[in-house]
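Below is one structure, written out as structure tokens; comments come after it.
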Amino acid sequence: GNSVTQMEGPVTLSEEAFLTINCTYTATGYPSLFWYVQYPGEGLQLLLKATKADDKGSNKGFEATYRKETTSFHLEKGSVQVSDSAVYFCALMRGGSTLGRLYFGRGTQLTVWP
Amino acid sequence: NAGVTQTPKFQVLKTGQSMTLQCAQDMNHNSMYWYRQDPGMGLRLIYYSASEGTTDKGEVPNGYNVSRLNKREFSLRLESAAPSQTSVYFCASSEALVTEAFFGQGTRLTVV
């Protein structure tokens, strides 16, 4: 079946530290991969995406590369800010009969201290 | 821009009661979705509507019904609430099934 596994949190970092949140997936074929972010009290927002192998998605200083060989889509940021504190969700979408369905990981809570 | 609006934001129900969660979007999107979010788990799809007039089951449809009232509105109904339905419910919409989904702020439902 389709599933996403992401590293458990919470993750606590100091401002300007390097961030990595690991995400691996299980799916047949070539799914599209996403990172969503949920700020406190809000709904999810799309952070970045990649639709084919070796694509790199990027936004707001965050990056993730679609690695087909390791079935991974790890989220990175070189220098985090307090405002990056949020819950981050990795997700995939396949085509065919499940088109439109997002399959989410459990989420990783990130807290950045000044 | 309102985007995706859900009502109510909070609700407490007794076991066996019924209620309808409302969702409306003002982006002229064709596709709409209902997800639930439980502690320690990612969001799971309950039902979705690819376009006006169609609805389909997602991963966890049992105990729920939906209505795509028109292009803007997609409601989720719990006919007989159970404690296992305590969750945060998110509505989302997208221009098409393949495009970016925009989420509402969620409805926190507690069934006692």
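The values are calculated or read from the model by the stated rules, or taken from the named source; none is laboratory data. Remember, predicted model here, so these are calculated numbers, not experimental data. In this analysis, Cβ positions are derived from the backbone assuming ideal geometry, glycine residues included, and neighbour counts consider all displayed protein chains. Heads up: the accessible areas ignore ligands, DNA and RNA and are worked out on the full protein's heavy atoms, side chains in. Shrake-Rupley method; radii C 1.70, N 1.55, O 1.52, S 1.80 Å.
Being open to solvent by less than 40 Å² (accessible area, probe 1.4 Å) and within 13 Å of chain B (Cβ to nearest Cβ) holds for only one residue in A:Gly41, A:Gly57, A:Gly1, and it is A:Gly57. Please determine whether any residue of segment A:80-102 is more than 23 Å from B:Val88 (Cβ to Cβ), at the interface with chain B (Cβ under 9 Å from one of its Cβ atoms) and not in a strand (DSSP E or B). Checked against the condition, which is being more than 23 Å from B:Val88 (Cβ to Cβ), at the interface with chain B (Cβ under 9 Å from one of its Cβ atoms) and not in a strand (DSSP E or B), segment A:80-102 yields at least one hit.
Within 12 Å of the chain's Cα centre (by Cα), buried (at least 18 other Cβ atoms within 10 Å of the Cβ) and under 27 Å from B:Tyr48 (Cβ atoms), is that true of A:Arg106?
Values: within 12 Å of the chain's Cα centre (by Cα): yes; buried (at least 18 other Cβ atoms within 10 Å of the Cβ): yes; under 27 Å from B:Tyr48 (Cβ atoms): yes.
Judged against the criteria, A:Arg106 is a match.
Restricted to segment B:1-90, the set of strands (runs of 3 or more DSSP E) holding at least 2 residues that are within 14 Å of another protein chain (Cβ to nearest Cβ), open to solvent by less than 20 Å² (accessible area, probe 1.4 Å) and not charged (D, E, K, R) comprises B:4-7, B:19-25, B:31-37, B:43-49.
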